[in-house]
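Worksheet: one structure, shown below.
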Amino acid sequence: MSESLMTLKGSIVPLSQKASKCKVALRCYNENNEEIEYPILSKGAGIDLIDMVSNFVSANCLLQECTDEDCTKVHIRSYTILDELDETDLFASNNA
């Protein structure tokens, strides 16, 4: 399992795929306007996000590629709730 630290902006949504230890996901868009859904691990700051479906957040997180489940999960280290999300902000994901 490899990990990389990132800052992602997107919305918290109910999990649409099967991923163990996850209940919600962070839905983001890449620079090609493709939707990406990252299952959020229910540990650390990710526990708080279970009750925040439909909120927009900016999250400092570790991306964890899981080969056994063929998905990339996120371990949220910290987050900020965004009141208004400018459309251009949704596409801005910076490597930390």
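The values are calculated or read from the model by the stated rules, or taken from the named source; none is laboratory data. Note that the structure is a prediction, hence the values are computed from the model and not measured. Here the Cβ is made from the backbone with ideal geometry for all residues, glycine too, and neighbour counts use every protein chain on show. For accessibility, only protein heavy atoms count, side chains too; no ligands or nucleic acids. Shrake-Rupley method; radii C 1.70, N 1.55, O 1.52, S 1.80 Å.
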Check your understanding: Restricting the search to the stretch 31-59, which residues are open to solvent by 60 Å² or more (accessible area, probe 1.4 Å), under 12 Å from the mean Cα position of the chain (by Cα) and without any contact (Cβ under 8 Å) to a residue 40 or more places away in the chain?
Key -> GLU35
Review point. How about the stretch 5-30: which of its residues are of a type in the set (S, T, N, Q) and open to solvent by 80 Å² or more (accessible area, probe 1.4 Å)?
Key: SER16
